[in-house]
1. Residues of segment A:308-350 being in a helix (DSSP H, G or I) and near the ligand (Cβ under 9 Å from one of its atoms), which ones?
2. Specify the residue that is modelled with the lowest pLDDT; the eligible residues are those in segment B:182-215 that are within 16 Å of the chain's Cα centre (by Cα) and in a strand (DSSP E or B).
3. Within 14 Å of chain B (Cβ to nearest Cβ) and away from the ligand (no atom under 16 Å from the Cβ), is that true of residue A:305?
4. Could we say that residue A:447 is more than 30 Å from residue A:299 (Cα to Cα) and not in a helix (DSSP H, G or I) here?
5. Just to be sure before I move on: is residue B:179 in contact with a helix residue (DSSP H, G or I) (Cβ under 6 Å, 6 or more places away or on another chain), surrounded by fewer than 22 Cβ atoms within 10 Å (Cβ to Cβ) and modelled with pLDDT of 90 or more in the structure I sent?
6. Scan segment A:298-312 and report the pairs whose first residue is modelled with pLDDT under 90 and whose second residue is within 11 Å of the ligand (Cβ to nearest atom), with Cβ atoms within less than 6 Å and a gap of 6+ or a chain change.
7. Applying the selection to segment A:216-231, what residues are in contact with a strand residue (DSSP E or B) (Cβ under 7 Å, 6 or more places away or on another chain) and not in a loop (DSSP other than H, G, I, E, B)?
8. Identify, from the list A:238, A:259, the residue that is within 25 Å of residue A:80 (Cα to Cα), within 16 Å of the ligand (Cβ to nearest atom) and at pLDDT 95 or above.
Ligand code: SF4
């Protein structure tokens, strides 16, 4: 997260809107996705009931988190897996580097995972001399370009096929092509050797199954199956909240994810892998799991935001959010753009300066409505706005909030205030393009509604409404 | 065998934090627990065998998967031999199982069969992978393949994946399919060929996994 303030966010949005074609591609992609999601949900007998059941499963997991983790650890370790508990991102990095060193790892192929970004896996491995290759198509293209992700599942959705072709040509020496099938085939060919030669496979997990001691890898491309099955060392990095009771929870959760993430019945590939899964073509294969807390247990204690840990990372809340639609994903500067990113980034990656993100939402509630596990994102965002340090809101917002607070604290001040605000509104409109106007930034993209001739109270007095309320008073 | 992987501190710190958080009970206060029966909301399962087979066939079409219905294992073996000839495959990655052995019985001479124990590079050079499936789901179109006897590696590497299944393993819902599949060392659920959503977020039916999927469903039980 490189955006540290509201101003950075606004600048990134302006840049995004300036690239008209990219902004249009982004919106077209969202429209297709939102339509596919609506169709996929229609296949359910009762989407609301399925969603409530998904929420209940995830809540039960979080309420019994300690027991679930203990069960998972016992099964995973008794099957021969190596478990590493990481209270912080730094501990997770240390564990990852230690695993690589002990196993003599020189090369690693990895999947798309927000947890890997959260702990800074690439940097940690890179400084230890391990070459890391990204294998998910969009993630790899973005990585080659050195760009920020625009979506948690589709990090390169803002790029045109021509831009992707140019990147592959420039960075990998591939023949130039703007045909997506050919581009994917080129990447498949180039990465095949990496899968076969890499010492280490590295991935995030969608779920951890407590009763079975296995991880569930959810994907579309088939890269995670290769990561899990080919290298001699397989490392999964997962947040503690990913644990769920057993494989019997998966049919429902996977169908909720399928419908919400891609508008499909199921994601195209789901693998359940454990330390006892035969892998690596008979070579001795070791499976490690790094369990990361890094702020999750604090979030669990937060009344308004604990539900965010139910998240199954489908990306639907971002797809539906009007701010994300207009801002694009890269403005968030987080690997988790959109409303859930605004809630989680502050907790899980606070060092990267996500303090202003809760402001990047109109609080319309669409995100909570679309969420397949019913997270009340609206409530979490309001609460996080309250907790924002005043400095992160900027002096203008703080000054206005203080004024508003004073004005609303007595009727006399309110009456005086409404008269003054009417004058200020006219002045603000007249000076909208000048630096005298403290709201000039805000007003660049917005027009104030026309100031009515009378205040509401003035109008009320002059109508029959006033007479009838006086009559009601007399009666009483 | 139980093995402690790390000094216990990390685990103790995290568990203590969780206990502390549970006292604050943020989640308990935040979320009422609805009664759980997920099946009430999911799509309608198919009860009878005929309904399942036709629903599965429809799903295969939607998922751009080739679906071949065979009366007997013999028919499937003949179909496989013909497919191999048509596609001019010379090297097949195969799961080591008696069932797969039977369906490959009619392969033309000169077609090499590569099992997972031959190593990654040998598997990586195969033109197709042949595995048996442990279960299928008529509702979602998922095909459940185990990880045993090299099935995980064969199915991960193959550009074209050919899966053989028996009709009595075709379930009416995903729930049932996972139960029918049982609990081998690992499972993979394939729902159509691999997809990539790259530029412009347009799905492209290709990726690192199988770019095409062929399912043979055998009606005879033996
Ligand atoms: S908060 Fe809900 S909608 Fe958003 S990514 Fe998570 S599960 Fe999906």
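The values are calculated or read from the model by the stated rules, or taken from the named source; none is laboratory data. Keep in mind the model is a prediction, meaning the values are calculated, not measured. As a convention, Cβ positions derive from the backbone with ideal geometry for all residues, glycine included, and neighbour counts pool all protein chains shown.
1. A:308, A:310, A:316, A:317, A:318, A:319, A:320, A:339, A:340, A:341, A:343, A:344
2. Among residues in segment B:182-215 that are within 16 Å of the chain's Cα centre (by Cα) and in a strand (DSSP E or B), the one modelled with the lowest pLDDT is B:212.
3. On the way: within 14 Å of chain B (Cβ to nearest Cβ): yes; away from the ligand (no atom under 16 Å from the Cβ): no.
No; evaluated as a whole, the condition is false for this residue.
4. Yes.
5. Criteria not met by residue B:179.
6. Correct list of pairs: A:304/A:380; A:305/A:343; A:305/A:380.
7. A:216, A:217, A:218, A:219, A:224, A:225, A:227, A:228 - these are the residues of segment A:216-231 that are in contact with a strand residue (DSSP E or B) (Cβ under 7 Å, 6 or more places away or on another chain) and not in a loop (DSSP other than H, G, I, E, B).
8. Among A:238, A:259, only A:238 is within 25 Å of residue A:80 (Cα to Cα), within 16 Å of the ligand (Cβ to nearest atom) and at pLDDT 95 or above.
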